[in-house]
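J.: Okay, here's the structure, questions in a sec.
The values are calculated or read from the model by the stated rules, or taken from the named source; none is laboratory data. If you're wondering where the values come from, they're calculated on a predicted model, not measured in any experiment. Here the Cβ positions follow ideal geometry from the backbone for every residue, glycine too, while neighbour counts run over all protein chains shown.
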Amino acid sequence: MDSVTVFAPATVANLGPGFDVLGVAVEGMGDVVTARRLDGRAGVVVLEQVEGDGGRLPRDPTTNTAGIAARATLDLLGVEEAGVALALHKGLPLNSGLGSSGASAAAACWAVNALFGAPLSRTELLPAALEAEARVSGWHADNVAPALLGGFVLIHSYAPLDVIRLPVPEDLIFVLALPDCELPTQQARRVLPKTISLRDHVANSGHLAALVAGICTGNARLLGRAVQDQIVEPARASLIPGFARVKQAAIEAGALGCSISGAGPTLFAVTDDEATAQRVAEAMRAAFAEAGLTSHTHIGRVDREGARQIPPPSREETPD
């Protein structure tokens with residue numbers, strides 16, 4: 001096989017109380033990486049093309065998450081006879097809270113692995129993807145793990161790395177509201193409290209436990225009720241114009257729960273009804289408009305598969 005093209009989906013991390021330990025892949029949005037074999041160029045990684053980023057991402061493969069992940073995957077595979085050339089198409093907006101860097105890393109890992117016969121499982125590839133994410137966004141797997149594995153993912157521990165895949169509730173629908181602004185992860189992390197009260201720790205522990213219970217039992221209403229965060233969300237709310245009004249509008253329109261997707265500024269809401277999802281999307285767009293921000297919304301179910309091989313794009317068109 002000389003060339004492989006892989007898609008990796010958008011992700012919603014934290015899901016309220018699950019800071020750095022819980023994430024989910026959402027269908028319909030994502031990044032695409034094409035990996036091409038370079039025979040006779042052992043260990044070489046070349047980033048030949050990056051599209052969809054407005055020229056903002058580094059073209060140096062040692063500082064781009066796709067390139068870093070590809071290099072780490074070659075090391076895991078023990079490939080000694082060839083290198084890889086990559087083409088990256090960004091389908092996810094930068095600094096949006098939808099796991100953009102994680103999707104690029106996951107797609108690159110799976111593409112390079114497939115290029116050499118796919119000897120490694122998704123779980124075995126996770127350290128390579130996490131290495132790439134750590135270089136640009138921090139040592140957390142709540143985006144990159146669901147982008148690679150699909151579905152809901154719980155990170156039990158980081159040392160050693162212990163990742164648990166959770167069941168996917170059948171009727172769960174995500175509404176993503178993306179305002180026309182950016183919030184870099186580093187900025188969003190700087191506002192987090194260095195210490196928390198015992199009261200807030202107990203409250204968030206209860207919310208996280210109930211959230212996992214809702215996921216595992218397929219109880220969307222319990223899941224939505226548990227999307228509450230007394231630690232991270234309050235610290236980041238002021239960084240997102242109109243946050244309180246958008247969240248209120250989502251709940252009033254019938255959302256079961258609503259919070260910040262990852263570092264933001266995207267907000268997510270959950271429901272178990274298609275018609276309600278449409279109403280929630282309209283309400284969230286209107287609320288952002290009241291705050292002076294244009295926005296667009298995306299409605300999607302859980303992406304169960306994660307990174308996967310797709311047909312290569314034709315020369316006449318680029319992937320969505």
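Let's see how each residue does on (1) surrounded by fewer than 24 Cβ atoms within 10 Å (Cβ to Cβ); (2) of a type in the set (Phe, Trp, Tyr); (3) closer than 30 Å to Gly138 by Cα:
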site	(1), (2), (3)
Pro241	yes, no, yes
Val246	no, no, yes
Ile251	yes, no, no
Leu267	no, no, yes
Phe288	no, yes, yes
Gly292	yes, no, no
Gly300	yes, no, yes
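J.: Another question, if that's okay. Residue check, Trp139 against (1) surrounded by fewer than 14 Cβ atoms within 10 Å (Cβ to Cβ); (2) more than 15 Å from the chain's Cα centre (by Cα), all met but one. Which one?
T.: Result: Trp139 passes all but (2).
J.: Determine if the stretch 182-201 includes at least one residue that is modelled with pLDDT under 95, closer than 18 Å to Cys258 by Cβ and out of contact with any strand residue (DSSP E or B) (no Cβ under 7 Å at 6 or more places or on another chain).
T.: Yes.
J.: Where the second residue is in a strand (DSSP E or B) and buried (at least 24 other Cβ atoms within 10 Å of the Cβ) and the first is in the same structural domain as Glu27 (by TED's automatic domain parsing) and at negative phi and lies in the stretch 258-282, which pairs have Cβ atoms under 7 Å and are six or more apart or on separate chains?
T.: Taking only residues 6 or more apart or on different chains, not a single pair turns up.
J.: So, one more: Looking at the stretch 255-266, can you tell me whether even one residue there is of a type in the set (A, V, I, L, M) and in a helix (DSSP H, G or I)?
T.: no
J.: Here is a further query. Output the number of the condition that Glu80 fails; it satisfies all remaining conditions of (1) of a type in the set (Asp, Glu); (2) surrounded by fewer than 23 Cβ atoms within 10 Å (Cβ to Cβ); (3) in contact (Cβ under 8 Å) with a residue 40 or more places away in the chain.
T.: All conditions pass for Glu80, except number (3).
J.: Further question on the same structure: Report the residue count in the stretch 113-169 for those that are part of a helix (DSSP H, G or I) and within 24 Å of Gln309 (Cβ to Cβ). Spell out how you get there, then give the answer.
T.: Residues of the stretch 113-169 part of a helix (DSSP H, G or I): 113-115, 122-136, 144-149.
Cutting the leftovers down to within 24 Å of Gln309 (Cβ to Cβ) gives us 113-115, 122-133, 144-149.
Residues in the stretch 113-169 being part of a helix (DSSP H, G or I) and within 24 Å of Gln309 (Cβ to Cβ): 21 in total.
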